[in-house]
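Asker: Structure in C-alpha cells, see below.
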Amino acid sequence: MLPTRRSRLLPTLLLSLLTASLASAQTAAPAKSFPDASTSPLSIEAMRARSYPGSAFTVRQTLRAGSTYSRQVVSYQSDGLRINALLTVPTGTPPKGGWPAIVFNHGYIPPNEYRTTERYVAYQDAFARAGFVTLKSDYRGHGSSQGEAVGGYYDPGYTVDVLNAAASLRKDRRVNAARLGMWGHSMGGALTLRSMVVEPGWFRAGVIWAGVVAPYDLLQNGWTRGPGAEVIPRTARRRGEEVRAKYGTVEQNPAFWRAVSPNSYLNDLAGPLQLHQGTADVEVPVTFHQALEKGLKAAGKPFTAYVYPGDNHNLSRNLGTALSRSVAFFKAHL
C-alpha cells in the first residue's frame, strides 16, 4: 500500500518541531546566578571570621536593687555603636573565679516601644536571684541604643551585639569567663542558637523558649502564625526581601541558605541546650521546636525539650515551672 500524503508529512513535521525546540532552548535566558554565600556577612563562616571584642561597661543608671542583687543600666561597644543593657550582679562574696553569667536575649518588641527596664522583669529576676550575673542587651536601634534596628533573622547586627555583650561579660572581673551561658526567647532564641555556633567555645549551655530556631527553608515556607498574633510591620520584613532579591529563594539557591543557617552547624555546639515550647503558641509554631529537636538528635548533641500543652508564646500558664527548670539547668551546667 502506498503511503498517504499525511503519513509522508509526519516525519517532516516532527523534524520541524524538533528543530524549533532546539533553537528555543539555545536562545532561552540562562538560569540566574547568585553571589556566593561567602559574600554575605550573614553566613556562619563570615561571622566566625570577624572579632567580637566587647568593651568595659559604662554605668548609665543605677536602679533600685533586687532582693539579692544590684541592677544597673550599662552600655558597651558593638560595631562602634553604644548599646545599652540591663546588668544584674549578685550581692555577697562571689565563688572562686567569679560569678557564672547569662547573656539574656529578649524576643521581638517594636524597637521604638522598647524600654531597657520593661518586659522580662520576672524572667531576669529568677536568674539573678539564683546567683547568676545577667545581661539583657537592648540591641542596636532599641530604646536609647545607637544604630539601626535591623531584625534578627536576615542581618547579623543583633547577633554581633549579643556576642559583644558576651565578650564584655568575659572581660568583667566579677564574672567567671569559663562559666557563661545564654538564654533566649522567640527572636532571642534565634540569636542564641546563632551565637552558640559562631563562638561555640564561649558558651557552656543555652536555654531557648519558643525560639525561631528552624532551618531557613521552614522559616520561609512554614511560618504560619495564628489568630491574634502580633502584626509584624513592613519595615521588619524588608531585610528578608533584600536578601532573597540578592541571593535567591530557598528553592533557587539552597546552598546559600544552608550556609547562613545555624541549624547546618549544630555539630559544632560545645554545650547542651534546653528547649521550651507551648502548643498554643500563635507567634512561633511548634514545628520550629520540632525541627531543632530533629537536628540535635541527628547531630548527636545533648538536649532536653519540654512541651507545654495549651500554653502560649510566653509560657504564661507554666511560667514558674519553666523558670525553675531553666535555673536548675544553668546551675547544673555553668
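Asker: Among the residues of region 207-230, is any at negative phi, acidic (Asp, Glu) and surrounded by fewer than 16 Cβ atoms within 10 Å (Cβ to Cβ)? Quick ask: steps written out before the conclusion?
Answerer: Of all residues in region 207-230, those at negative phi come to 207-209, 211-227, 229-230.
Restricting the remaining residues to those that are acidic (Asp, Glu) gives 217, 230.
Of the ones still in play, those that are also surrounded by fewer than 16 Cβ atoms within 10 Å (Cβ to Cβ) are 230.
Within region 207-230, one or more residues are at negative phi, acidic (Asp, Glu) and surrounded by fewer than 16 Cβ atoms within 10 Å (Cβ to Cβ).
This table checks each residue for (1) farther than 24 Å from Leu42 by Cβ; (2) at pLDDT 95 or above.
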site: Val162; (1), (2): no, yes
site: Ala177; (1), (2): yes, yes
site: His185; (1), (2): no, yes
site: Ala190; (1), (2): no, yes
site: Met196; (1), (2): no, yes
site: Arg204; (1), (2): yes, yes
site: Gly211; (1), (2): no, yes
site: Asn221; (1), (2): no, no
site: Gly226; (1), (2): yes, no
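Asker: Now a separate question. Which of the helices (runs of 4 or more DSSP H) contained wholly in region 170-279 include at least 1 residues that are free of Cβ contacts under 8 Å to residues at least 40 places away in the same chain and not small (Gly, Ala, Ser)?
Answerer: On the way: elements: 187-198, 216-221, 234-247, 254-260.
Of the helices (runs of 4 or more DSSP H) lying wholly inside region 170-279, those with at least 1 residues that are free of Cβ contacts under 8 Å to residues at least 40 places away in the same chain and not small (Gly, Ala, Ser) span 216-221, 234-247, 254-260.
Asker: Report, by residue number, each residue of region 48-70 that is in contact with a strand residue (DSSP E or B) (Cβ under 9 Å, 6 or more places away or on another chain) and touching a residue at least 40 places away in the same chain (Cβ under 8 Å).
Answerer: Those that are in contact with a strand residue (DSSP E or B) (Cβ under 9 Å, 6 or more places away or on another chain) and touching a residue at least 40 places away in the same chain (Cβ under 8 Å): Tyr52, Pro53, Gly54, Ser55, Ala56, Phe57, Leu63, Gly66, Thr68, Tyr69.
Asker: Select from region 142-166 the residues that are over 17 Å from the mean Cα position of the chain (by Cα) and surrounded by fewer than 21 Cβ atoms within 10 Å (Cβ to Cβ) and write down the one among them that is nearest to Ala322 (Cα to Cα).
Answerer: The qualifying residue nearest to Ala322 (Cα to Cα) is Gly143.
Asker: Within region 86-94, is there a residue that is closer than 29 Å to Ala229 by Cα and crowded, with 21+ Cβ neighbours inside 10 Å? Explain how you work it out, then say what you get.
Answerer: Our first condition is that a residue be closer than 29 Å to Ala229 by Cα; within region 86-94, this holds for 86.
From what is left, the residues that are crowded, with 21+ Cβ neighbours inside 10 Å are 86.
Checked against the condition, which is being closer than 29 Å to Ala229 by Cα and crowded, with 21+ Cβ neighbours inside 10 Å, region 86-94 yields at least one hit.
Asker: Right, Ala122: at pLDDT below 95 and either part of a helix (DSSP H, G or I) or buried (at least 19 other Cβ atoms within 10 Å of the Cβ) (or both) or not?
Answerer: Working: at pLDDT below 95: yes; either part of a helix (DSSP H, G or I) or buried (at least 19 other Cβ atoms within 10 Å of the Cβ) (or both): yes.
Yes, satisfied.
Asker: Name, by its number, the condition in (1) over 18 Å from the mean Cα position of the chain (by Cα); (2) touching a residue at least 12 places away in the same chain (Cβ under 8 Å); (3) closer than 24 Å to Trp183 by Cα; (4) outside any strand (DSSP E or B) that does not hold for Gly320.
Answerer: Result: Gly320 fails condition (2) only.
Asker: Let me ask another. Can you tell me how many residues within region 280-300 are surrounded by fewer than 19 Cβ atoms within 10 Å (Cβ to Cβ) and outside any helix (DSSP H, G or I)? Write out each step before concluding.
Answerer: Filtering region 280-300 down to residues surrounded by fewer than 19 Cβ atoms within 10 Å (Cβ to Cβ) leaves 280, 282, 286-287, 290, 293-294, 297-300.
Filter once more, so that each one left must be outside any helix (DSSP H, G or I): 280, 282, 300.
Total satisfying the criteria: 3.
Asker: Moving on. Looking only at region 283-322, which residues are charged (D, E, K, R) and over 15 Å from Ala214 (Cα atoms)?
Answerer: As a first pass, look at region 283-322 and keep what is charged (D, E, K, R): 283, 293-294, 297, 301, 311, 317.
Answer for region 283-322, where residues must be charged (D, E, K, R) and over 15 Å from Ala214 (Cα atoms): Lys301, Asp311, Arg317.
The values are calculated or read from the model by the stated rules, or taken from the named source; none is laboratory data. This one's a predicted model, so the numbers in the text were calculated from it and none came from an experiment. With ideal geometry, Cβ positions are generated from the backbone for all residues, glycine too; neighbour counts draw on all protein chains shown.
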